[in-house]
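Notes follow once the structure below has been shown.
The values are calculated or read from the model by the stated rules, or taken from the named source; none is laboratory data. Note that the coordinates shown come from a computational prediction; the quantities given were computed from them, not determined experimentally. Here Cβ is always computed from backbone atoms with ideal geometry, including for glycine, and neighbour counts include all displayed protein chains.
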Amino acid sequence: MNERDILLKGAEALRNRLRCRPRVAVVLGSGLGQMAEECDLKIPYAEIYGLKASTVSGHRGCFALKKCASGDVLFMMGRVHCYEGLSAAEAVRPVRLMRLQGIEKLILTNVSGAIDPDFKVGEPVMISGHIASLVPSPLRGENISELGTRFPDMSEVYSKRLLRAAKGIFVEAGIKYREGVYLQAPGPQYETPEEIRMFSRWGADMVGMSTAIEAIAAKHAGMEIAGVSLISNFAAGITDKKLSHEEVREAAKKGAEKFEYVVSRLIDEI
């Protein structure tokens, strides 16, 4: 079965389970799923045609439907990654299925390593742009015209309107506003100090193993996108500290309150 048919069949399965048409969706990264725990409905990815369960600790691997002040919001509690053995097209299927439900606005979140030494661990940073040249494009192969054009413009992937709204939210909460360029690396190994020095010269401020390909797929499909990155550690070589997934999850716990406030307020603004 080709990718288009897989998406249409998966979209029908998700639509039958949701029985509503949320307008806003949020993808919650490693260890950030707590804000969607209390919800009205949970649907494991593996129960939707074409989707696979996450194999990474800290990723629940399900959709969660939650009523917020602004209406129904569809959360992804965790995501799947290319380093789990998936193609880029498979990794972005959940985002594309959400667009086929009528989702118009998307908030992408992750935990990332800081390349900019002025960033602080446990603090949220808005994504103003990304570098995805090291990972395959999710748009490779036959174009799915129901979603978008063959050659989509990527001049403004992350909405300037939502970045302006985020700045006000940070000020309101007494959080120092920071934004930066996010680079998606292939993973699952952490980057070497030499790679981080190269990424810095490219203009990257933070690095992770997800998000950018989802943003490409969402932009292709006409969604308005905001990106929020919780700084979990400094990238290799910025300090002498060794990197571990446990450190990432602990930082997510410590920064959860600020992160949840920013994302909740963004949902209201979006």
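Taking Tyr182, is it modelled with pLDDT of 95 or more, buried (at least 16 other Cβ atoms within 10 Å of the Cβ), under 16 Å from the mean Cα position of the chain (by Cα) and within 17 Å of Ala251 (Cβ to Cβ)?
Working: modelled with pLDDT of 95 or more: yes; buried (at least 16 other Cβ atoms within 10 Å of the Cβ): yes; under 16 Å from the mean Cα position of the chain (by Cα): yes; within 17 Å of Ala251 (Cβ to Cβ): yes.
Judged against the criteria, Tyr182 is a match.
Go through (1) under 28 Å from Met35 (Cα atoms); (2) of a type in the set (A, V, I, L, M, F, W, C); (3) in contact with a Cys (Cβ under 8 Å, 6 or more places away or on another chain) one by one and return the number of the condition Ile115 breaks.
Only one criterion is unmet by Ile115, namely (3).
Output yes when any residue across the stretch 132-153 is among the β-branched types (Val, Ile, Thr) and surrounded by fewer than 18 Cβ atoms within 10 Å (Cβ to Cβ), and no when none is.
The initial filter retains those residues of the stretch 132-153 that are among the β-branched types (Val, Ile, Thr), namely 135, 144, 149.
Subset that is surrounded by fewer than 18 Cβ atoms within 10 Å (Cβ to Cβ): 149.
Looking for residues that are among the β-branched types (Val, Ile, Thr) and surrounded by fewer than 18 Cβ atoms within 10 Å (Cβ to Cβ), one finds at least one in the stretch 132-153, hence yes.
Please pick out the residue among Gly187, Gly180, Gly203, Gly222 that is of a type in the set (Gly, Ala, Ser), closer than 25 Å to Gln101 by Cβ and touching a residue at least 12 places away in the same chain (Cβ under 8 Å).
Working: Gly187 fails: closer than 25 Å to Gln101 by Cβ; Gly180 fails: closer than 25 Å to Gln101 by Cβ; Gly203 fails: closer than 25 Å to Gln101 by Cβ.
After ruling out the rest, the residue left standing is Gly222.
Taking the stretch 120-149 on its own, how many of its residues are over 14 Å from Met206 (Cβ atoms) and of a type outside the set (D, E, K, R)? Please lay out each step first, then the result.
Our first condition is that a residue be over 14 Å from Met206 (Cβ atoms); within the stretch 120-149, this holds for 133-149.
Of the ones still in play, those that are also of a type outside the set (D, E, K, R) are 133-139, 141, 143-145, 147-149.
Summing the residues that are over 14 Å from Met206 (Cβ atoms) and of a type outside the set (D, E, K, R) in the stretch 120-149 gives 14.
Taking the stretch 138-167, which residues are part of a helix (DSSP H, G or I) and either in contact (Cβ under 8 Å) with a residue 60 or more places away in the chain or of a type in the set (Ser, Thr, Tyr) (or both)? Even if it seems obvious, please write down each step before you answer.
Of all residues in the stretch 138-167, those part of a helix (DSSP H, G or I) come to 160-167.
Once the filter is applied, which keeps residues that are part of a helix (DSSP H, G or I) and either in contact (Cβ under 8 Å) with a residue 60 or more places away in the chain or of a type in the set (Ser, Thr, Tyr) (or both), the stretch 138-167 yields Arg161, Leu162, Leu163, Ala165, Ala166.
Residues that are of a type outside the set (S, T, N, Q) and over 24 Å from Val24 (Cβ atoms), at least 2 per element: which helices (runs of 4 or more DSSP H) completely within the stretch 197-270 meet that? First the steps, then the outcome.
Numbers: elements: 212-220, 245-254, 256-269.
Helices (runs of 4 or more DSSP H) meeting the threshold: 245-254.
Taking Val135 as the residue in question, decide whether it is closer than 24 Å to Ser30 by Cβ and out of contact with any His (no Cβ under 8 Å at 6 or more places or on another chain).
Details: closer than 24 Å to Ser30 by Cβ: yes; out of contact with any His (no Cβ under 8 Å at 6 or more places or on another chain): yes.
Here the answer is yes, as Val135 does meet what is asked.
Just the residues that are touching a Leu at 6+ places or on another chain (Cβ under 8 Å) and either modelled with pLDDT under 75 or surrounded by fewer than 18 Cβ atoms within 10 Å (Cβ to Cβ) (or both), please, taken from the stretch 231-254.
Listed by number, the residues that qualify are Ala251, Ala252.
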